[in-house]
Amino acid sequence: MGQLTLTPNIPDPDGFYAELLAAHEGRDKASSDALNARLVLVLANHIGDRDVLTAALKAAITAGR
């Protein structure tokens with residue numbers, strides 16, 4: 001079983017953020033939402049560890065409160 005990493009772990013986080021924003025540029029809300037959903041599913045598949053995915057979901061819910 002893997003462990004969820006919640007500390008900063010992305011090389012060049014600003015560059016990734018800019019790339020993410022650029023991917024949404026020119027899209028309407030529905031298209032942006034669909035892109036985010038596809039990205040979540042691609043990353044979830046890459047992670048593949050159900051326990052880590054459950055922990056990530058719980059962390060995201062808690063962070064949104």
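Bear in mind these aren't lab numbers, they're just calculated from the coordinates by the rules spelled out. Quantities reported herein were computed from a predicted structural model and do not represent experimental measurements. Cβ atoms come from the backbone with ideal geometry, glycine included; neighbour counts cover every protein chain shown.
Tabulated values for the structure
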{"item": "Rounded tilt (10° steps) of 29-47 against the dominant C-alpha axis of the chain", "result": "30"}
{"item": "Expected 222 nm ellipticity per residue - DSSP helices of 4 or more, -39500 (n - 2.57), all of the chain, to 500", "result": "-22500 deg cm²/dmol"}
{"item": "Dipole magnitude of the chain, debye to nearest 20 (Cβ charges: Lys/Arg +1, Asp/Glu -1, about Cα centre)", "result": "320"}
{"item": "C-alpha long axis of helix 50-63 to longest principal axis of the chain, angle in °", "result": "60"}
{"item": "Cβ-based charge dipole, the chain, positive-most Cα from ASN36, ALA59, HIS46", "result": "ALA59"}
